[in-house]
1. What is the distance in Å between the Cα centroid of the range 382-418 and that of the range 302-334?
2. Assuming R0 = 30 Å, can you tell me the calculated FRET efficiency for the pair residue 316 and residue 200, based on Cβ-Cβ distance, to the nearest 0.05?
3. Using Cα pairs closer than 8 Å and at least 6 residues apart in sequence, work out the relative contact order for the range 87-310, in percent.
4. Give the distance, in whole Å, between the Cα centre of the range 250-291 and the Cα centre of the range 109-173.
5. Sticking with the crude label model, points 7 Å out along Cα→Cβ, report the distance from residue 494 to residue 559 in nm, one decimal please.
6. Between residue 182 and residue 100, how high is the FRET efficiency from 1/(1 + (r/R0)^6) when r is the Cβ-Cβ distance and R₀ = 35 Å? Nearest 0.05.
7. Which percent, to the nearest 5, of DSSP beta bridges fully inside the chain are antiparallel?
8. Using the Cα atoms of the range 163-297 to build a convex hull, what is its mean projected area in square nanometres?
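Laboratory data are not the source of any read-out in this text; all were calculated from the coordinates shown. Being a predicted model, the structure only gives us computed values, none of them experimental. Quick reminder, even Gly has a Cβ in these numbers, built from the backbone with ideal geometry, and neighbours come from all protein chains shown.
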């Protein structure tokens with residue numbers, strides 16, 4: 001919870017203002033019953049209209065001050081709670097951006113969305129309730145108890161019985177609903193995950209006519225969420241009518257036993273009225289505290305889930321070296337890698353170099369570890385054995401930003417962000433000019449773009465697969481880098497377009513290292529070195545012509561693509 005409290009520190013000045021306003025509000029509210037008693041016992045008893053007018057004026061002033069304080073408390077508590085939620089979301093987002101695949105496997109993406117939205121909202125709501133209600137309730141309650149005891153000590157036992165009844169009611173309700181708050185948040189995670197899978201898989205669902213099945217699957221989660229919420233709120237809704245009943249019974253008891261004390265002269269009529277008002281304030285204080293106690297479990301669950309994100313230990317951290325020489329060399333030295341929880345090694349004893357001015361290519365069967373190698377270079381994942389060296393220095397020693405600034409990585413899936421073509425290109429180079437963007441688009445053969453201000457829908461859904469790949473390549477080459485990594489990102493391009501893009505790439509990256517991962521011989525056949533992977537191990541490496549003759553797996557892949565004349569086998 002330390003991280004949650006740390007975010008709150010800059011809100012302390014506003015908290016002190018809230019406390020001052022709460023004390024002022026409580027003082028005014030505690031004064032009113034005494035004034036009422038004075039009007040009844042003195043003003044009305046003596047038919048003194050002037051006294052009634054003076055005390056009434058004082059009451060109006062107190063009410064006005066109380067209203068002013070209440071508005072101030074609401075204003076500052078809203079600023080504090082909403083400002084804290086804003087800062088908290090920012091901290092969560094900043095932390096999540098530092099997550100590697102290891103952390104993302106431990107906390108699912110759907111859960112991260114819930115934690116940064118729904119859980120933060122829960123914390124914000126409780127924080128607002130905390131300032132406007134919980135801090136006020138003890139001040140008002142303690143003050144009312146003191147005042148009530150001063151007025152009618154003989155009737156104080158009624159307040160004690162009322163307190164016991166309210167306490168028992170709250171304990172019963174909390175015990176019944178407490179376990180379900182955590183279940184509610186977990187079901188929200190499940191609902192987000194299910195909805196996300198369905199939305200992403202709509203084309204597959206339609207292709208296999210699975211709409212009814214997916215609808216039933218989501219309906220099951222939705223009904224589960226409804227049932228849990230119905231149970232929780234049915235129990236919570238009992239609270240207000242039960243509290244109202246207890247309050248009315250308390251007033252009846254005070255009037256009944258107070259009447260005997262008034263007849264015997266032990267208490268004045270005005271004091272009985274004031275005692276009822278103070279007792280009512282005490283009960284309302286209990287209700288306020290009870291409301292917070294009911295909200296507290298959900299707050300604790302949400303706060304614990306947020307803290308889990310903020311306290312997550314990062315598996316990939318910055319090194320101390322803040323500079324890398326120009327045109328460096330990357331070397332894989334006895335590198336092995338296993339995914340968390342997997343007993344089998346994905347990569348085993350990998351050795352090769354990326355040399356400036358040279359093109360390296362990796363080919364192999366599905367699941368042979370090709371993409372994993374690319375993920376290891378920018379440290380999206382870290383090796384489990386061996387080391388990756390830049391000019392002889394382990395890449396873990398370098399600052400992550402410095403390391404990644406040297407690398408242009410084009411993933412297998414062409415990811416575009418909602419906005420414009422220009423804003424997507426500026427992801428690759430923040431200060432890219434219009435001319436630089438148009439040149440990059442031209443080099444990537446993105447001739448379908450007529451205007452760089454053209455809209456890009458979420459996920460690039462208004463472009464075809466090949467168009468998205470060309471835009472992704474343009475973004476990768478708009479800024480010069482020492483290493484260009486391409487993860488099978490030419491798969492949707494025709495052979496002619498691919499050849500032109502590769503030729504353009506050779507021209508702009510003459511002093512850089514290029515690494516291709518592909519299943520297509522046409523993409524890699526001109527590489528200076530081709531690495532053949534099988535089950536995570538390098539089984540051969542060399543030139544296209546040599547591998548055709550001596551490597552059986554490479555020869556089989558090439559033979560299967562013989563029909564494509566562009567391979568020139």
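1. If you average the Cα positions of each part, the centres end up 10 Å apart.
2. Numbers: r = 26 Å, r/R0 = 0.88.
Given R0 = 30 Å and the Cβ-Cβ separation, E is 0.70.
3. Working: 166 pairs, mean separation 104.7, N = 224.
Value for the range 87-310: 47 percent.
4. 20
5. 3.0
6. Numbers: r = 27 Å, r/R0 = 0.78.
Approximately 0.80, to the nearest 0.05.
7. On the way: 19 of 38 bridges.
In the chain, DSSP labels about 50 percent of beta bridges as antiparallel.
8. Working: hull surface 40.9 nm².
Hull-based average projected area comes out at 10.2 nm².
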